[in-house]
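Written out below as structure tokens is the structure these notes cover.
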Amino acid sequence: MPSSHPASSPRAPRRPATQALLAALAVALACGAALWWWGRKPEPAPNTAFLLLDGAQKNTAHWRGQVLLVNFWATSCAACVAEMPALAQIHARYQARGFGVLAVAMPYDRPEYVLNFARSRQLPFAVALDATGEAARAWGPVHVTPTSYLLNRQGHIAQHYIGPPDMARLQRAIERLLEQPA
């Protein structure tokens, strides 16, 4: 016996009132999410100790008063290697205004590889080794590289990027943070 609702029959068109209600609901949800995101208070960055390639030990508080990009990376990560020239340019562009970059090599990265990479590319910013993985655990935990955190002058996380950030958007975010008082 044939079915009165064949599987190939088209669905009845939605009524205009239903479509308008669904559209209004989608807009309300988007606005609510945006208000929540922009209205939330930035969380403080972990006060982590970093061992820099020059032997200095600094913690997150050392950079308070500056806008800082903390970039977790690895020499074996193609996207990380590809973004380094852009990060160097951004660092050079904004350094005089109080911006810095801290590149934190992941614990699986061999120190000699990190040192060779930083020297051969003449990285103009601080590079740290996370030999124990303590920093990666404190900041996430970070499992994917590159992962970056943009901190405001008060040491709070203003933006979080998993994967390479859009560099134009990153620069706009840096400029906004640099305009804010310390």
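The values are calculated or read from the model by the stated rules, or taken from the named source; none is laboratory data. The structure displayed is predicted, hence computed values, not measured ones. Here the Cβ positions follow ideal geometry from the backbone for every residue, glycine too, while neighbour counts run over all protein chains shown.
Only a single item in (1) surrounded by fewer than 14 Cβ atoms within 10 Å (Cβ to Cβ); (2) assigned to a helix (DSSP H, G or I); (3) not acidic (Asp, Glu) is not met by Ala86, and it is number (1). If the condition is being closer than 17 Å to Glu43 by Cβ, in a loop (DSSP other than H, G, I, E, B) and under 15 Å from the mean Cα position of the chain (by Cα), then the range 115-165 contributes Trp139, Gly140, Pro141, Val142, Asn152, Gly155. Is it the case that some residue within the range 144-165 is in contact (Cβ under 8 Å) with a residue 12 or more places away in the chain, hydroxyl-bearing (Ser, Thr, Tyr) and touching a helix residue (DSSP H, G or I) at 6+ places or on another chain (Cβ under 7 Å)? Yes: the range 144-165 contains one or more residues that are in contact (Cβ under 8 Å) with a residue 12 or more places away in the chain, hydroxyl-bearing (Ser, Thr, Tyr) and touching a helix residue (DSSP H, G or I) at 6+ places or on another chain (Cβ under 7 Å). Screening Leu53, Leu102 for residues that are in contact with a Pro (Cβ under 9 Å, 6 or more places away or on another chain) and either among the small types (Gly, Ala, Ser) or more than 19 Å from Asp166 (Cβ to Cβ) (or both) leaves exactly one candidate, Leu53. Please go through the range 122-181 and give me each residue that is small (Gly, Ala, Ser) and at pLDDT below 95, ordered by number. Hit for the range 122-181 is Gly140, nothing else. The single condition from (1) in contact with a His (Cβ under 9 Å, 6 or more places away or on another chain); (2) buried (at least 21 other Cβ atoms within 10 Å of the Cβ); (3) over 19 Å from Ser76 (Cβ atoms) that Pro124 fails is (2).
Checked against (1) more than 16 Å from Tyr161 (Cβ to Cβ); (2) not in a helix (DSSP H, G or I), Gln95 passes all but condition (2).
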